[in-house]
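No lab work stands behind these numbers, since they all come straight from the coordinates. Note that the coordinates shown come from a computational prediction; the quantities given were computed from them, not determined experimentally. Positions of Cβ are generated from backbone atoms using ideal geometry, with glycine treated the same way; all protein chains shown enter the neighbour counts.
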């Protein structure tokens, strides 16, 4: 399954490397991380990683395959 | 005022640690210290007032994003209390046993509980509710309130811990005030606390700085900003403490602070990321280098930081950063940590700017920590570096291989070494593989690895003596699993010689090594029927100083001593020892089904003797749930067969009784008591209280002290001519007496005696191998039967001995 996570603010390239398994695109005032997610545990891991990096999740959704 | 947290000075390289945790490693003091506030900390009265309500509710939750200022708020509040404050900073993924061991250490440090009052968990993965109940009772009995703060509680992910905390809260009475500092909602039934009005809650929105507070915070950083400017800043950062603090640090170094902050406000980057980059580039190259390198560590001393940088300026740099409240926080005892949020971001900077350096840093940290005696941390870093040769050698050289079998670290270590690559073939690595295989009762694989280690350890081991001693332990373990007393003795002799050689503090640090060795030796002697030698070895373990590391061996030894007593005819003593084994497990929060099931089996056969067949059935069922699974060791298997057969026989189910005696294991030697009845021992014995009990069942003779063991089928020299009735005298006569085949041992005389019965399956026609059941009902009084010539298992009628 594929997910996208929209976080507040424009992430630096360095910080985006904290999510090596995901691609990212920076938009006006937001960054979208997207890519394949292995399972639910992976999703919770990603949320925890966002939290530990001080990122605010604006939206998170599963993308159609 | 806090009366003093656990005061353990960090030990530098080679320094002796003053206090050991249940894992045998020095406690890292940072975990139990109320963090110091930096000079730029702003006390906010509204939050303090709200937190004061924590003293009126059992549970308080301070819940906010990373960097919201939770920890410092609670630390400042707690430091101002005139109460004992037990502080524990949680580590990632603490297993329940470890969590409670740490929490109890914190309570001991504050004098809330005295060590030994409650006990301490000995199994990392589980904590028995009795231990928690004792803890709750201990807390309820405390004079005056106790505040327990669990910082970084979001790192505790085991759902069981939430339930256990809830249990303790429910039963500890009004004395306990638990404060959870966490980023996520803990897995406690918070709704129930909310509904009952017993929860004080401070959440992210309340922790956010107001514009007025921001003015005060920036003033502490030497910046004078008008309220309007601060309002914009609060809007941009949403009052986030970490963001504001980084803003202040960046603006301090800017030529025009206000203009700089305006620029930041207009930006769209993620706050911490951007600001950290800004603040980091303002630091000297040495400082930047140091910050990136120590980001792999949770806590560190300047000496450890120096080890990672290869310089000697860490103390100066860290103290400077602490004073400026930039990146690092002091934990006291010259220990520091990076702010958790910044540490995460610094780690990603390290990965991007210095790819490949992280592994090297982990290796350096592992070496330093190992040298300083912090084995668990050293192992974790060595594993993170992927340096399995070092990881395995560190464990073996520290004589800590016993920790793979017993104590709080066992589960962690098993998990750690499950990642070991097959390419690592050093003697230490082979020893660890052997230990893991033996722990899973895979003797063939265990011995293969053990022999591989033995071949190379003289030339390749980093510490050949430690490796040989570990070898001896594993040899003894294998000998026990295969019922080979000769091999166990050889291993014990070799271990004794090596111990004389070692004679240093490693043996004191790892009492489990000797305890396990003696347990294996004692169990093997027991198998071989050498009860006196077995009792010496097992008794030595029981008499050794108590502790979580040896709780499991002591439980096993008490269980095996109980079996010896049973086999020698001391029923009451046997039961008492089996119950002591259970109590030993309970004292350390081990579930009743950990350790050896022999104690349960002994209680089951004793219950059969007393006609308490339901109890025996239950105990037998519980005994099946013991251990890691896999094949039983010979003593346990024989004990199980004995108990099952006795019970089935008492229930009148002869086929099941016979089926239970089918051998389920292979042993290198034959056990005299398993195959041929109990060893020669004059008489069954009983203690006074047992003899006072009136006889039960139909048997007119005292029902006490009828030890039973298996009787090897013997060809009697003069087989009885007629089939004898089988006894139900030892059983509550649920079975009609049926004529059985002639008994090899003549039915025993009614009064105290050994009832021997056949253990091995016999061919249908082999009448000589018939069970030697006791005579039936009226036959009980028939004293004319005497042991067959050559049957040592049946003893003549003798008056019971008092025990």
* Determine the relative contact order of the stretch B:393-473: mean sequence separation of Cα pairs under 8 Å and six or more apart, normalised by residue count, in whole percent. => 36
* **Segment residue B:353-residue B:286, length gained on full extension (0.36 nm per residue, minus Cα span)** => 22.6 nm
* Structure fact -> Here the gain from full extension of residue B:445 to residue B:46, 0.36 nm per residue of separation minus their alpha-carbon distance, amounts to 137.2 nm
* Provide the packing ranking of B:87-98, B:209-220, i.e. peptides ordered by the mean count of other C-beta atoms within 10 Å per residue, highest first. => B:87-98, B:209-220
* **Cα centroid separation, the stretch B:538-615 to the stretch B:309-328 (Å)** => 55
* Asked: Taking Cα centroids, how far is the stretch B:120-141 from the stretch B:633-674 in Å?
  -> 36
* Peptide B:414-423, shielding by other chains (average Cβ, 10 Å cutoff) -> 0
* To do: Let me know the shape class of the stretch B:529-586, please: from the alpha-carbon gyration tensor, a ≥ b ≥ c as square roots of the eigenvalues, rounded when a/c is under 1.5, otherwise prolate if a/b is greater than b/c, or oblate.
  => oblate
* Could you give the nm distance between label points at residue A:57 and residue B:231, where each point is 7 Å from its Cα heading toward the beta carbon? -> 3.4
* On average over all directions, what projected area in square nanometres does chain A have, based on the convex hull of its Cα atoms? -> 4.0
* Which order do peptides B:115-123, B:258-266 fall in by mean Cβ count within 10 Å, highest first? -> B:115-123, B:258-266
* Asked: Classify the stretch B:387-519: rounded, prolate or oblate, from the alpha-carbon gyration tensor (a ≥ b ≥ c, eigenvalue square roots; a/c under 1.5 rounded; otherwise prolate if a/b is larger than b/c)?
  -> rounded
* Asked: Once the Cα atoms of helix A:40-52 and of chain A are each reduced to a long axis, what angle between those two axes, in degrees from 0 to 90 to the nearest 10, is obtained?
  -> 10
* Asked: Is the shape of the stretch B:29-207 rounded, prolate or oblate, going by the alpha carbon gyration tensor and its root eigenvalues a ≥ b ≥ c, with a/c under 1.5 for rounded and a/b larger than b/c for prolate?
  -> rounded
* Asked: Helix-derived [θ] at 222 nm for chain A: sum -39500 (n - 2.57) over DSSP H runs of at least 4, divide by residue count, nearest 500?
  -> -7000 deg cm²/dmol
* Average partner chain C-beta neighbours within 10 Å, per residue of B:658-664? -> 0
* To do: Give me a single rounded figure for B:346-356: the average over its residues of other chain Cβ atoms within 10 Å of their Cβ.
  => 3
* **For the stretch B:445-472 and the stretch B:176-255, distance of Cα centres in Å** => 56
* Over the stretch B:587-678, what is the mean sequence separation of C-alpha contacts under 8 Å (at least six apart), divided by residue count, expressed as relative contact order in percent? -> 27
* Average Cα contact separation per residue, the stretch B:334-473, under 8 Å, 6 or more apart, as relative contact order % -> 18
* Segments B:33-46, B:398-411 sorted - mean Cβ within 10 Å per residue, highest first -> B:398-411, B:33-46
* Tail weight of P(r) past 16 Å, computed on alpha-carbon pairs of the stretch B:211-281, percent -> 36
* Asked: Once the principal axes of the Cα atoms of the stretch B:441-495 are found, what is the range along each, listed largest first in whole angstroms?
  -> 31, 24, 13
* Asked: Most exposed first by the Cβ proxy, i.e. fewest other Cβ within 10 Å, how do B:605, B:541, B:279 rank?
  -> B:279, B:541, B:605
